[in-house]
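This report refers to the structure that appears directly beneath it.
The values are calculated or read from the model by the stated rules, or taken from the named source; none is laboratory data. In this text the structure is predicted, and so the values were computed from the model without any measurement. Methodologically, a virtual Cβ is constructed for each residue, glycine included, from the backbone with ideal geometry; neighbour enumeration extends over all protein chains shown. SASA here: full protein model, heavy atoms, side chains in, ligands and nucleic acids out. Shrake-Rupley method; radii C 1.70, N 1.55, O 1.52, S 1.80 Å.
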Amino acid sequence: MNTDVEENEDTETAKAADEKPEPAREAAKEPAPEAPEQTDDNDNGARRERRWPRVLAGVLVVALLAAGAVMYAAGRQLRDTPATSNRALTDSAATAQVAGEVTNALGKVFSYSPDDTAATKASAQKLLAGKALQQYAALFGQVEKQSADQKLTLTTHVVRAGVTRLTPDSAHLLVFLDQVYERKGKAASKAAAQLSVTAQLREGHWTIVEITSR
């Protein structure tokens with residue numbers, strides 16, 4: 001009786017041992033770990049190499065646009081400089097005209113004799129205007145009386161008239177004068193003068209509007 005029980009137990013123990021999974025079999029059932037993803041350095045390098053031309057092209061475009069803007073601004077500045085707008089440097093005919101007319105006007109208004117101051121006054125009314133005429137009129141009364149009392153004759157010669165700036169309707173000149181004073185019974189005396197003159201073009205002729213002694 002006991003013998004049969006022991007045999008049964010041994011048989012069950014053997015079956016359990018057979019059914020117990022071996023470690024190798026369990027390990028085989030488990031999924032194998034995935035291999036880590038490897039980065040292809042060659043692909044990355046190729047991408048960088050393909051990106052560089054695009055970057056360089058963008059930089060070149062920006063540089064060209066910037067250079068173009070600078071060149072345009074520089075050209076505009078050169079076109080707008082005072083030097084290029086000064087006709088005294090580019091228009092010799094207009095420069096000669098204003099210099100000639102101003103020279104003629106100064107010779108007339110600054111020359112007089114005791115017997116003919118009226119002619120000088122009339123010339124001033126035609127050839128001067130604005131501030132120049134106001135100043136001249138204020139002083140000529142004294143000059144007229146002095147000329148009559150002292151029998152004084154004044155003759156003015158323009159030695160040189162340089163146009164420093166000329167626009168279509170205005171001009172600035174630097175004028176050098178020689179003036180000869182003669183009093184009755186006395187030797188003539190000579191003096192030099194230097195004037196800064198501003199003139200305006202009015203009805204086709206240059207009129208002196210300001211005179212400053214230098």
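Note on Asn104 and Gln142: the model spin-label points, each 7 Å out from Cα along the C-beta direction, lie 3.1 nm apart. Largest to smallest in accessible area, the residues Leu173, Leu89, Leu201 fall in the order Leu89, Leu201, Leu173 (1.4 Å probe, all protein chains included).
For the stretch 105-214, which GluC sites (Glu not before Pro) are both in a DSSP coil and crowded by at most 10 other Cβ atoms within 10 Å?
For GluC sites (Glu not before Pro) across the stretch 105-214 that sit outside H, G, I, E and B with at most 10 neighbouring Cβ atoms in 10 Å, the list reads Glu203.
Each label point was placed 7 Å from the Cα along the Cα-to-Cβ direction; for Gln200 and Asp169 their separation is 0.8 nm. Rounded to the nearest 0.05, what FRET efficiency do Gln134 and Lys184 give with R0 = 30 Å and r taken as the Cβ-Cβ distance? Could you check? After rounding, the FRET efficiency stands at 0.45.
Of the residues Thr155, Thr164, ranked by 1.4 Å probe accessible area with the largest first, the sequence reads Thr164, Thr155. Rolling a 1.4 Å probe across all protein chains gives Asp169 an accessible area of roughly 90 Å².
My understanding is that a pair violates if its Cα-Cα distance is over 21 Å; which of Lys126/Lys190; Lys151/Lys186; Lys108/Lys145; Lys108/Lys131 do that in this structure? Show your work: numbers first, answer last.
Values: Lys126/Lys190 27 Å; Lys151/Lys186 10 Å; Lys108/Lys145 18 Å; Lys108/Lys131 18 Å.
Violating the 21 Å Cα-Cα cut-off are Lys126/Lys190.
Surface calculation, 1.4 Å probe, protein heavy atoms: Lys186 sits at approximately 150 Å² accessible.
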